[in-house]
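Chemist: Pasting a structure here, questions to come.
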Amino acid sequence: MSREDIITNLLSTYAKYGVTRFILEQEIESGLKQGFSYQTIYTGLRMTLGNVFHEREYFTPAEMAEALGTTEEEIINQVEVMGKELEAQGEDPSEYFTRVEPVEKQTFIIPPGALK
C-alpha cells in the first residue's frame, strides 16, 4: 500500500463529507512520524473516519492484528469472546462482526494475443 493508495481509497468514500487530500496528507505524515506503516495508517484512518461519518468499514483479522500489534489468531479469539458477551447481553453479534468464508480461487490461462 502506498501513500497514493491511501488517499485515493479514502477520498472515494469520504470526499463527500469534506475530507480533502490535504487533510489526508497531514494525517499520513503524522502517522509516519510516529513510526506507523502505511497499512496501519490506512486502517486507523478508516476506523476513525468511519466512526466520525457513520460509514461502515470492514476489517480483516490481518488488518486489525497489524494495527493493534497482535496476531490474527488473537484477533479471532477476541472477536469470538466478544460475540459471546454480546449474545449474553441480548445483542446480535452480526451487528458488529461479519464472518466471510474464503472464496474458491479460479485460474484462467489466456494465451498471448487472445484478448485482441
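Chemist: Let me test this: with uniform point scatterers at the alpha carbons of the stretch 1-58, what is the Debye-based log₁₀ I(q)/I(0) at q = 0.21 1/Å?
Modeler: Listed by q, the Debye log ratios stand at -0.74.
Chemist: Within the P(r) computed for the chain, what percentage of the Cα pairs occupies the region above 20 Å?
Modeler: 57 percent
Chemist: Given the DSSP H assignment, sum -39500 (n - 2.57) over each helix run of at least 4 residues in the chain and divide by its residue total; what's the result at 222 nm in deg cm²/dmol, nearest 500?
Modeler: -18000 deg cm²/dmol
Chemist: For a distance above 15 Å, tell me the whole-number percent of Cα pairs in the stretch 50-103 that qualify.
Modeler: 56 percent
None of the figures in this text is laboratory data; all of them are computed from the coordinates on show. Because the structure is a prediction, the values reported are computed rather than measured.
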